[in-house]
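Undergrad: Quick one: this structure, given as structure tokens, is what I'll be asking you about.
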Amino acid sequence: MSADTGALRVAGFAEAAVPPAQARQVAALEAAAWPGSSPGHDPALAPRTLLLTAGDGTVAASLALLYKEIEVAGRRYRAAGLSGVVTRPELRGRGLGGRLVAAARAELAADPAVDLALFSCDGPLAAFYGAAGFPPLPGTVLVGGTPGEPLATDAPGFDKVVVAAFFTAEPDLDRAAFTGIRVPLYPGSTDRLW
């Protein structure tokens, strides 16, 4: 891949429609970043893949968008989350991950079917996601997994922060409703948290 990272472009696909050569690159990047992980996401979460690619098809960075309805305080929200955010190791530190995450936020904000995006990240990455438009939700905990086998972001040994962006008519009110609570995400056993 050339050093010209300005010529990179963002492309989005339903996860099942990612071109095979690029799908193999994403799987390799994810396996290197998270050894032992399996590629792909639960189809029930309508996974969408965003890629930052060079003209020759080389993947510089990738992420997945996952979608699910959730209920908080008696109201149903159409939620999206980011998962599997990864940048090619030799290109890290050049702002490419931030560029792709910002593109994901713009796509979600433009989608009338999405009320909010919320997901968890490792504590040291909270500033990175905040800079891309996903500020932390203080005291908020995502409860993933399944109701029978939950996995919460405040589990012992986790250093997770929940971040969010609200695209509703009253984003400040909705942010307040999601601050300092346990959010029943329950994405399932494949994508235990996003």
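Undergrad: Applying the selection to segment 37-77, what residues are small (Gly, Ala, Ser) and assigned to a loop (DSSP other than H, G, I, E, B)?
TA: 37, 38, 40, 46, 54, 55, 57, 73, 74
Undergrad: I've got another one for you. Please determine whether any residue of segment 121-129 is more than 27 Å from residue 170 (Cβ to Cβ) and open to solvent by less than 10 Å² (accessible area, probe 1.4 Å).
TA: no
Undergrad: In segment 33-44, which residue that is small (Gly, Ala, Ser) and either in contact with a His (Cβ under 9 Å, 6 or more places away or on another chain) or modelled with pLDDT under 95 (or both) is surrounded by the most Cβ atoms within 10 Å (Cβ to Cβ)? Even if it seems obvious, please write down each step before you answer.
TA: Narrowing segment 33-44 to residues small (Gly, Ala, Ser): 33, 36-38, 40, 44.
The next check asks that each one be either in contact with a His (Cβ under 9 Å, 6 or more places away or on another chain) or modelled with pLDDT under 95 (or both); those that pass are 33, 36-38, 40.
Values: 33: 13, 36: 5, 37: 12, 38: 10, 40: 19.
Only one residue fits best here, namely 40.
Undergrad: Identify, from the list 10, 85, 18, 26, the residue that is β-branched (Val, Ile, Thr), surrounded by fewer than 20 Cβ atoms within 10 Å (Cβ to Cβ) and modelled with pLDDT of 95 or more.
TA: 10
Undergrad: While we're looking at this one, here's another question. Within segment 81-98, track down each residue that is farther than 16 Å from residue 7 by Cβ and either within 13 Å of the chain's Cα centre (by Cα) or assigned to a loop (DSSP other than H, G, I, E, B) (or both).
TA: Selection gives 81, 82, 83, 84, 85, 86, 92, 93, 97, 98.
Undergrad: If you take the residues of segment 52-70 that are out of contact with any Pro (no Cβ under 7 Å at 6 or more places or on another chain), at pLDDT 95 or above and open to solvent by 10 Å² or more (accessible area, probe 1.4 Å), which of them is nearest to residue 41 (Cα to Cα)?
TA: Applying the filter and picking the extreme gives 67.
Undergrad: Follow-up question, since we're still on this one. Pull up segment 142-178, narrow it to residues that are open to solvent by less than 50 Å² (accessible area, probe 1.4 Å) and in a loop (DSSP other than H, G, I, E, B), then point me to the one that is farthest from residue 79 (Cα to Cα).
TA: 155
The values are calculated or read from the model by the stated rules, or taken from the named source; none is laboratory data. Predicted, not measured: the structure shown is a model, and the values here were computed from it. Glycine also receives a Cβ, built like all others from the backbone with ideal geometry; neighbour counts cover every protein chain displayed. Heavy atoms of the whole protein, side chains included, go into the accessibility calculation; ligands, DNA and RNA do not. Shrake-Rupley method; radii C 1.70, N 1.55, O 1.52, S 1.80 Å.
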